[in-house]
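Here is the structure we will look at.
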Amino acid sequence: MHELDDHDSIILCRSCDLAVTKRALPSSARAICPRCDTVLYDSPYCSINGMLALCLAALIIFIPANLLPVLEIHFLGSVRTTTVIEAAIAVWAQGYWVVGLAVLVAAVIAPAVLILSILAQVIIVKLKLQRSFWQRTYTTLLKNQGLIAQMTMLEIYVISFLVSAFQLSDFSDVFFGMGTFSFTMLFVIILFLQREYNLEHMWSYVDEH
């Protein structure tokens, strides 16, 4: 008898209540109930090449997103700029180290770890690395994928500096630069990357090895 692994799941057919083990499907395929031929679920859109392209695009845009100023403020003849990392450090220096650490983790560290984690998984799958070291690494990344994704909160930071810019515009001139564009694009790319990524589908490659 087949023993269920942690990444297996059981679903019930909505027509005849037959318990079926849910498995990853190839692209454009459907799972059919063996008893009544009812469609159980469709295959997720999880393209390895697509995720590879998104990971590379995210890595390229990650550097300017964190090194270029996201806001440029002109006030009484002075010009001030700030990057994401500088903002986190400034908050930390003001004594709000918890907030500064949260910003640094959610907007810089976690997105980088998320991108590198998915990229490593994609490379292991694409190159069919089957040695025990790579398989242990792959399994460890899959087990921690949910935690990493939850720590990545770029959308909160994007909304926060947009709200700040709106409030500052009442008494100063606020300009958005390439840093703002890069950070917004990083958020969009990671959003699509998380949408395309399917943990259950990635677990299926463990079975193939």
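The values are calculated or read from the model by the stated rules, or taken from the named source; none is laboratory data. Small disclaimer: the values here were computed from a predicted structure and weren't measured. As a convention, Cβ positions derive from the backbone with ideal geometry for all residues, glycine included, and neighbour counts pool all protein chains shown. Side chains included, ligands, DNA and RNA excluded: accessible areas come from the protein's heavy atoms. Shrake-Rupley method; radii C 1.70, N 1.55, O 1.52, S 1.80 Å.
Each label point was placed 7 Å from the Cα along the Cα-to-Cβ direction; for residue 22 and residue 112 their separation is 3.5 nm.
Here residue 105 and residue 129 are evaluated by their C-beta separation; at R0 = 30 Å the FRET efficiency comes out at 0.50. Note on residue 199 and residue 98: their simple-model spin labels are 2.7 nm apart, each label 7 Å out from Cα toward Cβ. Projecting label points 7 angstrom from Cα along Cα→Cβ for residue 150 and residue 15 puts them 3.8 nm apart.
Based on the Cβ-Cβ distance of residue 139 and residue 81, what FRET efficiency does E = 1/(1 + (r/R0)^6) give at R0 = 41 Å, to the nearest 0.05? The calculated FRET efficiency here is 0.40. Residue order by solvent-accessible surface for 86, 200 is 86, 200, largest first, with ligands and nucleic acids left out and a 1.4 Å probe.
Suppose R0 equals 41 Å; then what is the FRET efficiency for residue 29 and residue 188 from their Cβ-Cβ distance, rounded to the nearest 0.05? Step by step, r from the Cβ atoms, then E = 0.90.
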